[in-house]
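Single-structure report; data block below.
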Amino acid sequence: MISSTPSAAPDHHLRPVRAADAPAILAAHRSAADMARQGTVTTPAEAEEQVAWLLAADRRATAIADGSDHLVGLVAITVDPKNRSGWFFYWLHAEHRGLGLGARAAAAVAERALRPVADGGWGLERLELGHRANNLASGAVARAAGFVHEGTERGKFLIDDERVDVLTYGRLRTDPVPDTAGLPWGP
């Protein structure tokens, strides 16, 4: 279970990503150097392209929004409908890290993604993700959202001329639901 309590950010909620989120996505990508690993978003036009990519038919993109409904982070899934699975990813604007928002958002989105359609879910049966082995915060989010470490892809990425291992995780519909309290879904 994550260390921060649900009261750490009581006004945050989840909602679908929308076209008007492009400026907030640009601001998030400019907030920290490590956001470059989340795609090239350095201009307003690239932010609009990122939103269009997130809104593609094979994705489920969920905004982490503050009390003013302003996007401060993202949890998204690229869906493989044939296998009822999805590649799960997330990020937060640097100013909103460390509050438990990523873990709470990831837990809520994973729960909805793995719930059967008949029960109001998205009908997926498996989610998977990977993160750099030296990104401890991303690993903490994955575990808090109920993902199980499945392996290591040795030397997968070349970052600043250094090979970096990637830790892979999966979560099945049949896995236990984590104790992490999910963020609420907005209107």
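Points worth noting:
- From the list L167, L124, L183, L158, the one residue that fits, being closer than 25 Å to A28 by Cα and either assigned to a helix (DSSP H, G or I) or touching a residue at least 40 places away in the same chain (Cβ under 8 Å) (or both), is L183.
- Taking the stretch 66-87 as the range and being among the polar types (S, T, N, Q) and surrounded by 16 or more Cβ atoms within 10 Å (Cβ to Cβ) as the test, the residues that pass are T78, S85.
- Only one of the listed residues (A110, A133) is open to solvent by less than 10 Å² (accessible area, probe 1.4 Å) and out of contact with any His (no Cβ under 6 Å at 6 or more places or on another chain). That residue is A110.
- Positions within the stretch 169-186 being of a type in the set (S, T, Y) and surrounded by fewer than 18 Cβ atoms within 10 Å (Cβ to Cβ), in sequence order: T174
- Summed over the stretch 88-104, residues that are assigned to a helix (DSSP H, G or I), of a type outside the set (A, V, I, L, M, F, W, C) and open to solvent by 20 Å² or more (accessible area, probe 1.4 Å) total 2.
- Residue in the stretch 113-120 that is at pLDDT 95 or above, open to solvent by less than 40 Å² (accessible area, probe 1.4 Å) and not in a strand (DSSP E or B) present: yes
- Listed by first and then second residue, the pairs linking a residue in the stretch 76-101 that is more than 14 Å from Q38 (Cα to Cα) and among the acidic types (D, E) to a residue that is at pLDDT 95 or above and open to solvent by 30 Å² or more (accessible area, probe 1.4 Å), with Cβ atoms under 8 Å apart and 6 or more places separating them unless they lie on different chains, are D80/W87.
- Among residues of the stretch 42-63 that are closer than 10 Å to I25 by Cα and touching a residue at least 24 places away in the same chain (Cβ under 8 Å), those with a Cβ under 6 angstrom from a residue that is part of a helix (DSSP H, G or I) and of a type in the set (G, A, S), sequence gap 6+ or separate chain, pair up as A47/A22; E48/A22; V51/A19; V51/A22.
- Residues located in the stretch 138-151, provided they are open to solvent by 70 Å² or more (accessible area, probe 1.4 Å) and not acidic (D, E): R143, V148, H149
- In the set (1) at pLDDT below 95; (2) closer than 19 Å to A142 by Cβ, T62 fails one condition alone, (1).
- Condition met for R60 (in a strand (DSSP E or B), open to solvent by 60 Å² or more (accessible area, probe 1.4 Å) and in contact with a Lys or Arg (Cβ under 9 Å, 6 or more places away or on another chain)): yes
- Test result for T42, over 15 Å from the mean Cα position of the chain (by Cα), among the β-branched types (V, I, T) and open to solvent by 30 Å² or more (accessible area, probe 1.4 Å): yes
The values are calculated or read from the model by the stated rules, or taken from the named source; none is laboratory data. Note that this is a predicted model, so its numbers are computed, not measured. Heads up, the Cβs are rebuilt from the backbone with ideal geometry, glycines too, and the neighbour counts pull from every protein chain shown. All accessible areas refer to the heavy atoms of the entire protein, side chains included, with ligands and DNA or RNA removed. Shrake-Rupley method; radii C 1.70, N 1.55, O 1.52, S 1.80 Å.
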